[in-house]
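Read-outs throughout are calculated quantities, based only on the coordinates presented, and are distinct from any laboratory measurement. Predicted model, so just to flag it, every value in this text is computed and none were measured. No Cβ is skipped: glycine too gets one built from the backbone with ideal geometry, and neighbour counts run over all protein chains shown.
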Amino acid sequence: MGWKNLDDMDLGGKRVLVRVDINVPVEDGKVTDDTRIRRVQPTIQDILAAGGRPILLAHFGRPKGKVVPEMSLRPLVPALEAAFGTPVTFCADCRGPAAQAAVDSLAEGAILLLENTRFHAGEEKNDGGLAAEMAELGDIYCNDAFSAAHRAHASTEGLARLLPTCAGRLMQAELEALESALGQPQRPVVAVVGGAKVSTKLELLGNLVEKVDHLVIGGGMANTFLAAQGIDVGKSLCEHEMTGTAQDILAKADTTGCKILLPSDVVVAREFKAGAENETVAADACPADAMILDAGPDTVARVAEVMEGAKTLIWNGPMGAFEIAPFDAATNAAAKQAAALTKAGQLITVAGGGDTVAALNQAGAAADFTYISTAGGAFLEWMEGKTLPGVAALTPQA
Ligand code: ADP
Ligand code: MG
């Protein structure tokens, strides 16, 4: 992998600039979900334990290079103190004399939070001047914001070029999980890709057919693949203009030897609402006035069989309209089985995506998965096979 982690650095007495993603939801000045804050706690704890001085850099919202008081990080201080169990001081700039003074007076064992990096236009432009000013505040740069690593910004990429650099614990865990899922995986590898549209997952599908042994296509996007095979999908969500693309993906899978699994039976309804009257029909028998909202039990059994024989599972996108029962059945069944196989030590399971994480939580399966990524866009780009600038910058160039 080529990058260093905190264990490789001499942190004693050092000023450690830690790029974190604490872009948490806030209502009426209070943090309503502190998951992202809690996830950086191991990094902070390890830096403090090694005698380092953590100085946090982060963005918050989209102030677009201007000071927007509503997007200040200051209101997050109490939530940080609660999560870290350590005093947190705040400085209203992430560079310049005020920040320098705050760093100089940082007490041992305390944490400094610097103001929203995106208050400076140079942040999103990856401006070398801004990066240099921030670099003056630290001895070591630790990037713990995998979820921001798909952006080449001054605090996610530029800084790494200016200081000795390492990955934080969350970044490390994320990279190790992704590497075990798609980099050097134990085979066979099965990918489950679902969700609403082919158009949003095109590059993902294109990369996966090159790398995985089995590709399960579910959710609304499966309808587009069914339509590509000349099947009438009635009133189902379907991107008819994407059927040619779906055919290209199927053809590519043929050449790479990736086995594609499409629904063989489907659950159809006439209304998109919870408890709607529904029936299970063969995948090529959706009535003209109905829509496909979930995969059927025969499909679930075939997915289960593939999972049984696999060593690694990657999952992005629910298999059906999981928000409304009973159209969460296929997603729940597959999620529970993946969780059970993981628990039995038979399967490595890595999942990501906003709705996917919600669906796995709803199924009660998330806790047993090997790794659940909350990185959103960065997770998808990694799965698409793209180089993330923030990750690339962790490895010093020759
Ligand atoms: P993620 O956020 O995990 O990447 P997506 O946003 O791609 O996932 O897809 C999730 C959405 O896809 C959900 O809102 C779900 O209701 C929808 N979906 C899945 N299957 C169907 C279907 N058959 N018809 C309509 N919508 C569907
Ligand atoms: Mg989504």
Using the structure shown, select from K273/K343; K64/K197; K14/K125; K211/K311; K211/K343; K211/K235 the pairs with a Cα to Cα distance greater than 23 angstrom. K273/K343; K64/K197; K14/K125; K211/K343; K211/K235
I'd like the distance separating the alpha-carbon centroids of the range 280-358 and the range 1-71, in whole Å. 35 Å
Whether the chain is rounded, prolate or oblate, judged on the alpha carbon gyration tensor where a/c under 1.5 counts as rounded: prolate
Suppose every Lys and Arg Cβ carries +1 and every Asp and Glu Cβ carries -1, with no other charges. What dipole size does the range 260-372 come out with about its Cα centre, to the nearest 20 debye? 480 debye
Karplus 3J(HN,Hα) series, Hz, for the range 191-201 with 6.51 cos²θ - 1.76 cosθ + 1.60 (x for Gly, Pro): 10, 10, 10, x, x, 6, 10, 5, 4, 7, 10
List the residues whose amide H sits under 5 Å from the amide H of F90, counting only those 5 or more places along or on another chain, with H placed 1.01 Å from N in the peptide plane. L113
Roughly how big is the chain's charge dipole about its Cα centre, with Cβ charges of +1 (Lys, Arg) and -1 (Asp, Glu), in debye to the nearest 20? 620 debye
Would you mind calculating the gained length between A132 and R161 on full extension (0.36 nm times residue separation, minus the Cα-Cα distance), in nm to one decimal? 9.5 nm
What does the charge count near K66 come to, summing +1 for each Lys or Arg and -1 for each Asp or Glu among other residues with Cβ under 14 Å from its Cβ? -1
Out of residues 5 or more away from A283 or on other chains, whose amide H comes under 5 Å of its own, with H placed 1.01 Å from N in the peptide plane? D265, V266
Run through the DSSP bridge list for the chain and note the antiparallel percent, rounded to the nearest 5. 20 percent
Cα gyration tensor of the range 185-383, axes a ≥ b ≥ c as square roots of the eigenvalues: rounded (a/c below 1.5), prolate (a/b > b/c) or oblate? oblate
Can you give the Rg/Rh ratio of the range 6-170, where Rg is from the C-alpha atoms and Rh is the Kirkwood radius? 0.92
Inter-label distance for R187 and K311, nm, one decimal - labels placed 7 Å from Cα along Cα-to-Cβ: 1.0 nm
Placing each pseudo-label 7 Å from Cα in the direction of the beta carbon, A325 and E27 end up separated by a distance in nanometres of 2.3 nm
By how many nm would the segment from S180 to K125 grow when fully extended, if each residue of separation counts as 0.36 nm and the alpha-carbon distance is taken off? 16.5 nm
Burial-style ranking of 121-129, 206-214, 346-354, 51-59, average other-beta-carbon count within 10 Å with highest first, yields 51-59, 346-354, 206-214, 121-129
Express as a percent, rounded to the nearest 5, the fraction of DSSP beta bridges in the range 6-170 (both residues included) that run antiparallel. 10 percent
Around I22, which amide H atoms from residues at least 5 apart in sequence, or from another chain, sit under 5 Å from its own amide H, with H modelled in the peptide plane? H59
